[in-house]
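K.L.:
Attaching a single structure in structure tokens format; questions to follow.
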Amino acid sequence: QVQLVESGGGLVQAGGSLKLSCAVSGRTVRTSIMAWFRQAPGKERELVARINWNGVTYHRDSVKGRFFISRDNAKNMVYLEMNSMKPEDTATYYCASTGIGGSYDAWGQGTQVTVTS
């Protein structure tokens, strides 16, 4: 059974930083596509960043240069470093992983991030 557990969310002032962590069990991060999504109240869930099995990363335009996804193969963990945060980054952040079929079939419970102005 695949399990993803996020941590590291919280309250931060605009311009500040947070680092989210995702502990993965039941699946190897280096052979999966790992991603961070977020969902703000009243909005659709959106892909924030993704790291492929070969280490290639993607970051949505609104977070490029501020957020950075990474993984630790030895610890089987994925991270999202968030810098120069803005109030519009406020959302529940979810860690997700793809299975054999290529779809995101495993999700964490989410961690709340609130950025105050």
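K.L.:
Connecting C-alpha atoms closer than 10 Å in a GNM of the chain, tell me which of Ala23, Ala35, Ala96 has the biggest fluctuation.
P.N.:
Comparing Ala23, Ala35, Ala96 in a Gaussian network model of the chain, the most mobile one is Ala23.
K.L.:
With the contact rule set at Cα under 8 Å and sequence spacing of 6 or more, what percent relative contact order holds for the chain?
P.N.:
Details: 289 pairs, mean separation 41.0, N = 117.
Value for the chain: 35 percent.
K.L.:
Using 7 Å Cα-to-Cβ label points, what is the Glu44/Ser103 separation (nm, one decimal)?
P.N.:
It is 1.7 nm.
K.L.:
For the pair Lys19 and Ser84, how long in nm is the line joining their label points, each one 7 Å along Cα→Cβ?
P.N.:
Each label point lies 7 Å from its Cα, and together they span 2.0 nm.
K.L.:
What is the extension gain from Ser7 to Lys64, computed as 0.36 nm multiplied by their sequence separation minus the C-alpha to C-alpha distance, in nm to one decimal? Could you put the intermediate results ahead of the total?
P.N.:
Numbers: separation 57, 0.36 × 57 = 20.52 nm, distance 2.18 nm.
Length difference between fully extended and current span is 18.3 nm.
K.L.:
Give the value in nm², to one decimal: projected area of the alpha carbon convex hull of the range 16-69, averaged over all directions.
P.N.:
On the way: hull surface 18.9 nm².
Over every viewing direction, the Cα hull of the range 16-69 projects on average to 4.7 nm².
K.L.:
Only four residue types carry charge here, +1 at the Cβ of Lys and Arg and -1 at the Cβ of Asp and Glu. Report the dipole size of the chain about the Cα centre in Debye, rounded to the nearest 20.
P.N.:
180
K.L.:
For the range 100-109, what does the Karplus curve 6.51 cos²θ - 1.76 cosθ + 1.60, with θ = phi - 60°, yield as ³J(HN,Hα) per residue in whole Hz, taken in order and with x for Gly and Pro?
P.N.:
For the range 100-109, the Karplus curve yields 4, x, x, 9, 6, 10, 9, 9, x, 7 Hz.
K.L.:
If you place +1 on the Cβ of every Lys and Arg, -1 on the Cβ of every Asp and Glu, and leave all else neutral, what size is the dipole of the range 1-67 about its Cα centre, to the nearest 20 Debye? List each step's numbers first, then the result.
P.N.:
On the way: 10 positive and 4 negative charges, 23 e Å.
It comes to approximately 100 debye.
Read-outs: derived from the displayed coordinates by stated rules, not from any lab. Everything numeric in this text was worked out from a predicted model, so none of it was measured. Neighbour counts run over all protein chains shown; Cβ positions are idealised from the backbone, glycine included.
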